[in-house]
Each structure stands twice: as C-alpha cells, then as structure tokens.
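The values are calculated or read from the model by the stated rules, or taken from the named source; none is laboratory data. Worth saying up front: this structure is predicted, and the values here are computed from it rather than measured. Cβ placement follows ideal geometry from the backbone for every residue including glycine, while neighbour counts extend to all protein chains displayed.
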Amino acid sequence: MYKAVFFDLDGTLTDSYDAIVTSFEYALKKKGITPIADEAVRRSYIGPALVLSYMKYYGVSRDEADELVELYRDVYRKGNMFLVKVYDGVTETLEELKNMGIRLFVVTSKPLDFATAVLEKVGLSVYFEKIQAPGFKDCEKSKAELISDLLEKCGLNAKDCLMVGDTKYDIEGGNAAGTDTAGVLYGYSAEGDFEKADYTVCGIKEIISIVKDIENTIREISCEKVTETVAELCKNANYHLNGDIKKALEDSIMHEQGGTGRNVLRTITQNAELASKKEVAICQDTGMAIIFADIGQNVHISGGNLEDAINEGVRKGYREGYMRCSVVEDPLRRKNTGDNTPAIIYYNIVPGDRLKLTVMPKGFGSENMSAVKMLKPSDGEDGVKDFIVDTVKKAGPNPCPPIVIGVGIGGSMDKAALLSKKALSRGIDTENPDKYYADMERELLDRINALGIGPAGLGGVTTALGVNIETYPTHIAGLPVAATVSCHVTRHAEREI
C-alpha cells in the first residue's frame with residue numbers, strides 16, 4: 001500500500017477550464033493578440049507554466065510572455081481564480097484516503113498563493129499536509145523538481161508514493177522523480193499522455209482501490225516502456241562491469257602471487273574502467289542476450305506483444321550502443337540476423353504488479369566451456385563437486401579466466417541448466433541462503449583456484465572469482481548438475497518497472 005499520494009490541482013481535483021482559459025485569453029486581448037480558437041490548444045493551457053504556453057503558441061519573446069503572465073495574474077486574482085468546481089468524487093476520495101492514514105499532498109505548477117486560495121475556497125485544503133507549488137518568480141519549475149523537493153522535505157521514499165494527474169507533465173514528473181504515476185482521463189490529457197503511466201483511471205475514486213489493495217489491481221505496462229528499458233539494460237550491462245566483479249578483481253590483485261597474474265588483473269580492471277568512462281563495450285564479444293523476465297501476475301502488457309517488445313529493445317540497444325551482433329538465425333546454416341536477436345527469454349510469473357527485467361549478455365568463449373551431466377543419486381555431493389572442478393580444469397585458459405561459475409543442481413536436465421544461468425545473475429558477494437550450499441560454494445572456489453590456471457591461463461591463484469549455486473527439488477532417480485562458465489566479464493543489469 002502506498003504511504004502518500006500527490007495530487008495535481010487543475011484538471012485533477014478541480015475543473016479549472018473557465019478560470020484559466022478566460023484569464024489566459026484576457027491577457028492576449030489586452031495586448032492586441034487574437035486567441036487561437038482551436039479547442040485542443042485552449043485545453044493545453046492547463047498544466048504547463050503559463051509563460052511557456054504563451055511563447056509556444058503565440059511566438060512572443062520571453063519579455064512579452066512575462067507581461068502576458070502579469071496581465072493573466074491580475075485578472076485571475078481579482079476573481080477569475082474562483083471560476084472552478086470540484087470534480088465529482090474528489091471530496092469523498094480524499095476523505096477515505098485520509099481515514100486510511102495516507103499522507104496527502106498537492107503538487108501543482110500554479111503559484112502557491114493562488115493554489116492555496118483556490119483550495120481554501122473550495123474546501124479541500126483541510127485534507128492536505130502540504131501544498132507543493134512554486135512562488136511567482138519560479139513558476140517554470142518542472143513537476144519533477146517539485147516532486148523531488150517534496151520527497152526530500154517530507155522524508156518520503158519515492159517508491160511509497162503515487163503521483164496523480166491529468167496531463168503528461170504529471171506523469172513525466174513522477175517518472176523522473178521515481179514515484180509511481182496514475183493518469184485521470186476526465187481532465188485535460190491529450191492522446192499519448194499516459195503511455196508511461198503506471199495506472200490509468202476513469203474516475204478519481206479508482207485511486208482508492210489502487211492505494212488500498214495494490215496487489216489486486218491490474219497494472220498496465222506499455223510495450224514501449226519495455227523496449228526502452230531493455231535497450232538501456234543492454235547498453236549498461238555491456239558498458240559497466242558490475243560492482244561485485246570489479247571489487248573481486250581489485251582484491252585479487254593483492255592476493256595474486258606472481259607478477260604476470262597481477263599485470264593481467266590490472267589490465268582487466270583498467271579496461272573495465274575505460275569502458276565504463278567512455279561507455280563502450282567492455283569486451284568485443286557483446287554476447288547473446290539472455291533475458292529473465294519476472295512478471296507480476298497483476299501486470300497487463302499493452303500496445304503489443306511482450307516478446308516482440310523485448311527483442312525490439314535488444315535490437316535498439318545493440319544498434320545504439322554500436323555493439324557486435326553475434327546471433328545466427330539457424331544453428332547449422334549460420335546466417336547472421338544482423339541485430340543480435342532473437343534473445344533467449346525466460347519468463348517467470350510472480351506475485352505483484354511489477355515487471356523485473358534482467359539482461360545478461362553471455363559471451364560464447366566461456367559458454368562453450370559449460371557442461372551438463374546427469375549424475376546418479378549415489379554419486380552424491382562428492383560427485384557434484386568433482387564434476388564442477390573437472391569442468392573448469394578441462395576449460396583451462398579458454399574461457400578467459402578469472403571466471404565465475406554458475407551451478408545448477410536438481411530439477412531435470414533443462415532445469416539444472418537454467419538454474420546455472422540464473423545463478424550468474426546473483427552477485428558473487430552474496431552466498432546461498434542455505435549454509436550447506438554456502439559452504440559448498442566456498443569449498444569449490446578454493447579447489448578451483450588451487451588448479452593453478454590463473455589469470456588469462458598464465459598461472460596463478462586467481463582462476464575463479466566466485467561460485468554461485470542454485471538448487472531445485474528433483475526425482476528420486478536422478479541428480480542433474482549443470483555448470484555454466486562465465487569469463488571475468490560476467491555481465492548483468494536489471495530494472496523493475
């Protein structure tokens with residue numbers, strides 16, 4: 001449940017059309033400018049800063065726009081500001097939210113003095129803890145700035161807050177500040193305003209359902225948002241080495257005994273730092289894109305097909321990031337698809353109304369060294385450990401050590417392989433929550449590093465940076481084990497929508 005709700009004023013709590021449009025056009029006429037008759041333009045005056053609308057639609061200079069704003073304010077404060085009415089259901093909605101213990105705020109681009117006067121006049125001010133609005137001299141402050149300032153001043157976590165508004169400025173502001181967003185259809189929105197909103201409602205009372213029982217509310221996520229997110233994750237994963245891997249490499253320099261090994265590790269870390277700084281790929285093999293999509297059961301994907309949206313994100317990310325495309329459309333005829341699609345996508349349905357996307361670009365120099373084996377139950381723990389160590393020993397220098405090993409134990413043959421991939425998405429600075437397997441991770445890491453393969457296969461004590469184990473129940477007659485080998489560029493980036 002959200003702890004706080006931010007409401008826009010004009011077009012969300014109150015119908016301010018007459019107050020704003022009448023005053024806006026009064027100022028134009030006083031300066032001898034004929035107002036535009038297009039109703040869509042007139043409605044668009046409600047929301048953004050007035051000075052920007054005057055400049056955008058009437059081509060006036062900044063000084064002329066400032067004069068128009070002063071004329072607007074003059075007639076507005078003389079009485080036009082009260083040409084408003086409260087939308088149906090607003091008072092009841094605010095009353096119920098307040099009784100639920102939800103903190104309520106107004107976030108508006110209208111100057112604070114005007115917003116306060118209007119809210120007091122219509123009897124809504126009693127519901128709000130604070131009215132977040134600019135002064136007369138800083139009315140161009142964006143919604144994002146206003147929301148961010150409010151979060152800081154009131155000690156609020158953005159993820160606990162919902163921004164409710166009727167235009168794209170409210171949605172964009174909430175998105176930029178990190179809050180969830182809801183667009184109301186009864187206000188002054190234009191087509192496309194709510195494409196990036198978390199919720200869209202027909203009536204204000206629907207906000208109660210969103211706040212009260214978010215787990216039972218269907219949340220809409222657009223394919224466009226999925227595509228943009230995947231594209232950014234593809235670039236970030238290939239540009240920026242994960243913090244846990246970077247720290248492990250730096251620590252290994254101190255522990256490595258030979259000068260050659262230390263020099264290799266320094267070169268690897270310097271390469272990663274340069275790639276991150278210049279935002280270029282860490283490695284020439286920018287991998288096949290493996291995507292883990294954890295889909296909340298209350299999520300509805302709109303505007304297309306989820307798989308198409310993910311693949312479009314991969315296509316876009318690799319193109320914009322100037323990254324090598326390594327996928328062939330057929331495993332034997334070997335023609336390159338030219339855009340690194342299709343991705344390998346694993347879907348997982350989870351509780352809630354969020355979509356978590358994890359992008360793991362997997363290079364194949366190390367992938368080719370991976371292995372799956374169907375052990376007999378009687379092989380037991382020793383058989384599992386020997387198989388993993390033997391897999392690394394056979395790989396030798398080929399996977400560009402130091403490596404990270406993802407281990408999957410249990411399930412079926414395919415499930416074990418999937419678990420081993422999933423294990424690589426967990427930071428190597430975390431342990432399996434089961435002490436039995438956490439101890440096994442540490443023992444395997446020690447045994448692998450004792451092989452002496454070392455950085456770049458040139459000898460040393462740093463053959464592996466980490467071993468991550470994931471498990472799943474299995475059949476009484478089987479013991480499937482998979483070891484996915486990943487080079488020192490073990491990349492993954494994730495984001496929750």
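When the stretch 327-386 is examined, which residues are found to be charged (D, E, K, R), part of a loop (DSSP other than H, G, I, E, B) and under 25 Å from residue 309 (Cβ atoms)?
329, 330, 335, 339, 353, 354
What single numbered condition from (1) touching a helix residue (DSSP H, G or I) at 6+ places or on another chain (Cβ under 8 Å); (2) under 21 Å from residue 286 (Cα atoms); (3) surrounded by fewer than 23 Cβ atoms within 10 Å (Cβ to Cβ) fails to hold for residue 418?
That leaves (1) as the condition not met.
Anything in the stretch 387-428 that is charged (D, E, K, R) and either in a loop (DSSP other than H, G, I, E, B) or not assigned by TED's automatic domain parsing to the domain that holds residue 482 (or both)? List them, or say none.
426
Of all residues in the stretch 156-179, how many are closer than 17 Å to residue 226 by Cα and either crowded, with 22+ Cβ neighbours inside 10 Å or in contact with a Gly (Cβ under 6 Å, 6 or more places away or on another chain) (or both)?
Here the count works out to 1.
So is residue 469 over 21 Å from residue 268 (Cα atoms), surrounded by fewer than 16 Cβ atoms within 10 Å (Cβ to Cβ) and of a type in the set (Val, Ile, Thr) or not?
Against the criterion (over 21 Å from residue 268 (Cα atoms), surrounded by fewer than 16 Cβ atoms within 10 Å (Cβ to Cβ) and of a type in the set (Val, Ile, Thr)), residue 469 does not qualify.
Pairs needed: first member in the stretch 343-369, outside the structural domain of residue 417 (by TED's automatic domain parsing) and of a type in the set (Phe, Trp, Tyr); second member anywhere, buried (at least 16 other Cβ atoms within 10 Å of the Cβ) and at pLDDT 95 or above; C-beta distance under 6 Å; at least 6 residues apart or different chains.
Between residues of the stretch 343-369 that are outside the structural domain of residue 417 (by TED's automatic domain parsing) and of a type in the set (Phe, Trp, Tyr) and residues that are buried (at least 16 other Cβ atoms within 10 Å of the Cβ) and at pLDDT 95 or above, the close pairs are 346/292; 347/293.
Where in the stretch 1-101 are the helices (runs of 4 or more DSSP H), entirely inside, with at least 3 residues that are surrounded by fewer than 16 Cβ atoms within 10 Å (Cβ to Cβ) and in the same structural domain as residue 146 (by TED's automatic domain parsing)?
Helices (runs of 4 or more DSSP H) meeting the threshold: 90-99.
Hey, among 335, 316, 362, 373, which residue is buried (at least 21 other Cβ atoms within 10 Å of the Cβ) and basic (Lys, Arg)?
362
Can you find even one residue in the stretch 103-121 that is at pLDDT 90 or above, surrounded by fewer than 16 Cβ atoms within 10 Å (Cβ to Cβ) and not in a helix (DSSP H, G or I)?
So far as the stretch 103-121 goes, no, none of its residues is at pLDDT 90 or above, surrounded by fewer than 16 Cβ atoms within 10 Å (Cβ to Cβ) and not in a helix (DSSP H, G or I).
Go through the stretch 320-362 and give me each residue that's more than 22 Å from the chain's Cα centre (by Cα) and of a type in the set (Asp, Glu).
329, 330, 339
Right, residue 168: outside the structural domain of residue 308 (by TED's automatic domain parsing) and either out of contact with any Leu (no Cβ under 8 Å at 6 or more places or on another chain) or among the aliphatic types (A, V, I, L, M) (or both) or not?
yes
Under 7 Å by Cβ, and 6 or more places apart or on different chains, what pairs join a residue from the stretch 475-496 that is touching a residue at least 60 places away in the same chain (Cβ under 8 Å) and in a strand (DSSP E or B) with one that is among the polar types (S, T, N, Q) and buried (at least 24 other Cβ atoms within 10 Å of the Cβ)?
As it stands, the answer is 482/420; 483/420; 484/420; 485/366; 486/366, since those pairs meet every condition given.
Kindly provide the set of residues from the stretch 250-270 that are exposed (fewer than 15 other Cβ atoms within 10 Å of the Cβ) and within 37 Å of the chain's Cα centre (by Cα), ordered by number.
250, 251, 254, 255, 267, 270
Please specify each residue of the stretch 365-398 satisfying the condition of being more than 14 Å from residue 484 (Cβ to Cβ) and among the small types (Gly, Ala, Ser).
Result: 378, 380, 383, 396.
Restricting to the stretch 477-492, count the residues that are touching a Ser or Thr at 6+ places or on another chain (Cβ under 8 Å) and surrounded by fewer than 21 Cβ atoms within 10 Å (Cβ to Cβ).
Here the count works out to 1.
Looking only at the stretch 233-242, filter to residues that are of a type outside the set (D, E, K, R) and farther than 16 Å from residue 266 by Cα; which one of those is surrounded by the fewest Cβ atoms within 10 Å (Cβ to Cβ)?
240
Look through the stretch 185-204, keep the residues that are of a type in the set (Gly, Ala, Ser) and within 18 Å of residue 89 (Cα to Cα), and return whichever of them is modelled with the highest pLDDT.
203
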